[in-house]
Amino acid sequence: MFQKEHKQTSIASNAIFTTGSMRASKLLPSVFATIIILTLDFNFSLGKEIKSIFLETFSPLKNLSQSSSQFSREISLFFTSQYKLLNDLDKKNEEIELLNFELLKLEQLAKENEELLLLMNYTKMPKISKSVIGEIINISSFPRESISVETNANEISEKMVAISMNGLVGLVDKIFPGYVDIIPIYEKKVNIPGLIQRTNQNIILEGTGESNTLLIKNFKNNSNVTLNDKIFTSGLGGKYPKGFLIGNVINISNLEDESSLNVEVKSLINFDSGTKILLVLP
C-alpha cells in the first residue's frame, strides 16, 4: 500500500513540473516579445525614461573606460619618448667620447710639434755639425743604466750627444739596427764639465747612479752657489756642446772636513717612453 501511495505522489509531482514547464515555455515568447518591444521603443517616447536611467547609471563606467584608455595611451607615449631620449643620449655620449679621443690626439700632436720645434732650435746652436731625431722606447738599469732611443741608426755615430727639450740626456753608447743605447748623465762615473749660469763659474759634475741626480765635484766651501742655480754644459773638453741645461741645484751641505760642499743637481729630463730626443754631433 505504501508503495502504491509513493507512486501516486511521484506521478503527481511529475505532472506538476510538466505543467509548470509547459506554462514557462508558453510565457517565453511573451517575454522575448516584450524585450523586443522595449528595445525597439528605446529610442522613442516609451523608452526615453528607461534610456535616461540606463545612461545615467552606466555613463560613469563609460567615462572611466575612456579615461583608462587615455591614461594607457599617455603611459605608452611617455615610455616611448623616454626610450627614444635614452637612445639619443647614448648616441650623443658616443659622439662626445669620439670627439674627446680626437681632441687628445690633437693635444698629443701639438705637444710633439712643440717638442720638435724646441729641439730643432738646438740645431741652430754653434758647433753642431749634425742632428738626428729619435724617441725613447725603453729604460734599463741592468747591467748598467741605459736609455734606448728609436732612430735611424745609419746616421748615428758613437760620439753623438742626446738632448731633450729640457736639456742634456747623455751620450750614445751602442748602436743597433733601428735604435741606439744612451748612457744617461746620472750614470756613475759620468763626468760633465759644467758652468753655473749665475756666476759663470766652471765646475765638474758626476753621476750618482740615482735617477736624474748629479753631484758637483771638489766644490770649495767658499764658492758662490745657491739653491736653484742653473747649471749648463761649459763645452770644455769638446765632448758636450756648450749651452745645454744640465739641471738645477736642489741641495747644498757641508762635508765632514767642512772644507768642501756637497752640491746636488737635479736634471729636469723626462725619461718616459715617447719623449722626443735630438742626437747631435759636436
When (1) more than 20 Å from N121 (Cα to Cα); (2) touching a residue at least 40 places away in the same chain (Cβ under 8 Å); (3) not acidic (D, E) are applied to P143, the one that fails is (2)
Result of the Cβ filter at 8 Å on the range 239-262, keeping first residues that are of a type in the set (S, T, N, Q) and partners that are crowded, with 19+ Cβ neighbours inside 10 Å and not in a strand (DSSP E or B), at least 6 apart or interchain, is N248/D229
Matching residues in the range 207-239 (assigned to a strand (DSSP E or B) and either crowded, with 18+ Cβ neighbours inside 10 Å or of a type outside the set (D, E, K, R) (or both)) number 10
Scanning the range 192-202 for residues that are outside any loop (DSSP other than H, G, I, E, B) and over 23 Å from L281 (Cα atoms) gives I196, Q201
Q. Based on what the data block shows, is K266 among the basic types (K, R) and closer than 23 Å to F142 by Cα?
A. yes
Margin query: Tell me whether the range 131-144 contains one or more residues that are more than 31 Å from the chain's Cα centre (by Cα), among the acidic types (D, E) and within 24 Å of G207 (Cβ to Cβ).
Written below: no
Reported set for the range 240-272 where residues are among the hydroxyl-bearing types (S, T, Y) and either part of a loop (DSSP other than H, G, I, E, B) or buried (at least 16 other Cβ atoms within 10 Å of the Cβ) (or both) is Y240, S259, S260, S267
If we ask which residues in the range 225-269 are of a type outside the set (K, R), out of contact with any Ser or Thr (no Cβ under 7 Å at 6 or more places or on another chain) and under 25 Å from I133 (Cβ atoms), their number turns out to be 7
Within the range 173-195, residues being among the β-branched types (V, I, T), in contact with a strand residue (DSSP E or B) (Cβ under 7 Å, 6 or more places away or on another chain) and either surrounded by fewer than 23 Cβ atoms within 10 Å (Cβ to Cβ) or without any contact (Cβ under 8 Å) to a residue 24 or more places away in the chain (or both) number 2
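Throughout, read-outs are computed from the coordinates displayed, never taken from laboratory work. Treat the numbers as computed from the prediction; the structure is a model and nothing was measured. Please note: Cβ atoms are built from the backbone with ideal geometry, for glycine as well, and neighbour counts cover all protein chains shown.
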